[in-house]
1. Are any of the residues in the stretch 22-29 modelled with pLDDT of 85 or more and touching a Gly at 6+ places or on another chain (Cβ under 8 Å)?
2. May I ask you to list pairs of residues, at least six apart or on different chains, whose Cβ atoms are under 7 Å apart, with the first in the stretch 105-132 being charged (D, E, K, R) and the second being surrounded by fewer than 16 Cβ atoms within 10 Å (Cβ to Cβ) and part of a helix (DSSP H, G or I)?
3. For the stretch 71-92, name all the residues that are part of a loop (DSSP other than H, G, I, E, B) and modelled with pLDDT of 70 or more.
4. Looking at the stretch 159-195, which of the residues that are farther than 17 Å from Phe137 by Cα and open to solvent by 90 Å² or more (accessible area, probe 1.4 Å) is modelled with the highest pLDDT?
5. The conditions are (1) open to solvent by 30 Å² or more (accessible area, probe 1.4 Å); (2) over 16 Å from the mean Cα position of the chain (by Cα); (3) modelled with pLDDT of 95 or more; (4) farther than 23 Å from Tyr72 by Cβ, and Val156 fails exactly one of them. Which is it?
6. I want to confirm something. Restricting to the stretch 1-10 and keeping residues that are of a type outside the set (Lys, Arg) and either in contact with an Asp or Glu (Cβ under 9 Å, 6 or more places away or on another chain) or part of a loop (DSSP other than H, G, I, E, B) (or both), which single residue is surrounded by the most Cβ atoms within 10 Å (Cβ to Cβ)?
7. Taking into account only those residues within the stretch 11-50 that are open to solvent by 30 Å² or more (accessible area, probe 1.4 Å) and either touching a helix residue (DSSP H, G or I) at 6+ places or on another chain (Cβ under 6 Å) or assigned to a strand (DSSP E or B) (or both), which is nearest to Gly78 (Cα to Cα)?
8. For the stretch 101-133, which residues satisfy the criterion of being touching a Phe, Trp or Tyr at 6+ places or on another chain (Cβ under 6 Å) and acidic (Asp, Glu)?
Amino acid sequence: MVIKTATFVCSNTQISALPAPTMPEYAFIGRSNVGKSSLINMLVNQHGLAKTSQRPGKTQLINHFLINEKWYIVDLPGYGYAKVSKTSREKWEKFIRAYITKRESLQCIFVLLDSRLDPQQIDIEFCYWLGEKGIPFSLIFTKADKQGMTTTQKNVAAFKKKLGDFFEEIPATFISSAEKGTGKDEVLDFIFEVNKDFVVPIDYKKF
């Protein structure tokens with residue numbers, strides 16, 4: 001898939017204000033500092049589309065970007081930032097979980113994981129929750145340029161083993177580097193194939 005256009009559409013704190021669910025969308029989520037904004041910018045060939053300079057945990061918005069006038073990338077707030085208050089964390093959880101479970105046009109959640117780290121409990125629990133809710137998701141291991149491939153593969157295998165305790169089938173997995181462009185074609189090809197099966201909801205309703 002070739003990305004010809006990528007345009008910021010809107011930021012929302014209310015689910016009811018999201019764009020009509022008439023095009024497929026793919027949400028990107030992960031712990032703060034996992035490299036989500038850099039990955040999105042790499043995928044769409046625009047250095048500053050998703051903001052990378054904001055303080056981790058500060059932004060709590062759902063950001064929609066229209067790609068090729070045909071589908072959306074959705075940038076979700078990072079989770080697991082220690083300095084966010086309990087009240088803010090609870091508000092985020094309610095807000096994001098409502099989006100994930102009710103958004104008719106959401107085709108896949110890309111869960112971003114730092115390839116330098118051993119499996120983190122917060123990531124494992126989030127994947128388990130997605131499984132319980134029947135939400136399609138894939139894994140993207142970021143920052144693969146920061147260490148040797150042996151370390152990356154070890155950490156990927158360890159995370160997959162953890163998921164194997166819960167899932168009969170491990171979701172699609174990608175290894176990426178925003179700096180080197182690793183994984184770009186694989187992720188975009190995956191989206192291209194999923195888009196083929198998208199059907200606009202006949203009687204969609206806002207919520």
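The values are calculated or read from the model by the stated rules, or taken from the named source; none is laboratory data. Model, not experiment: these values are computed from the prediction. Quick reminder, even Gly has a Cβ in these numbers, built from the backbone with ideal geometry, and neighbours come from all protein chains shown. Just the protein is used for accessible areas: all its heavy atoms, side chains included, with ligands, DNA and RNA removed. Shrake-Rupley method; radii C 1.70, N 1.55, O 1.52, S 1.80 Å.
1. yes
2. Arg116/Lys146; Asp118/Ala158
3. Restricting attention to the stretch 71-92, the residues satisfying the condition of being part of a loop (DSSP other than H, G, I, E, B) are 76-78, 80-85.
Listed by number, the residues that qualify are Leu76, Pro77, Gly78.
4. Restricting to residues being farther than 17 Å from Phe137 by Cα and open to solvent by 90 Å² or more (accessible area, probe 1.4 Å), the top hit is Asp185.
5. Status for Val156: all satisfied but (1).
6. Met1
7. Step one: list which residues in the stretch 11-50 are open to solvent by 30 Å² or more (accessible area, probe 1.4 Å), which gives 11, 13-14, 16-17, 20, 22-23, 31, 33, 38, 45-48.
Next cut, either touching a helix residue (DSSP H, G or I) at 6+ places or on another chain (Cβ under 6 Å) or assigned to a strand (DSSP E or B) (or both) only: 11, 31, 47.
Values: Ser11: 15, Arg31: 5, His47: 19 Å.
Filtering the stretch 11-50 for residues that are open to solvent by 30 Å² or more (accessible area, probe 1.4 Å) and either touching a helix residue (DSSP H, G or I) at 6+ places or on another chain (Cβ under 6 Å) or assigned to a strand (DSSP E or B) (or both), the one nearest to Gly78 (Cα to Cα) comes out as Arg31.
8. Glu104
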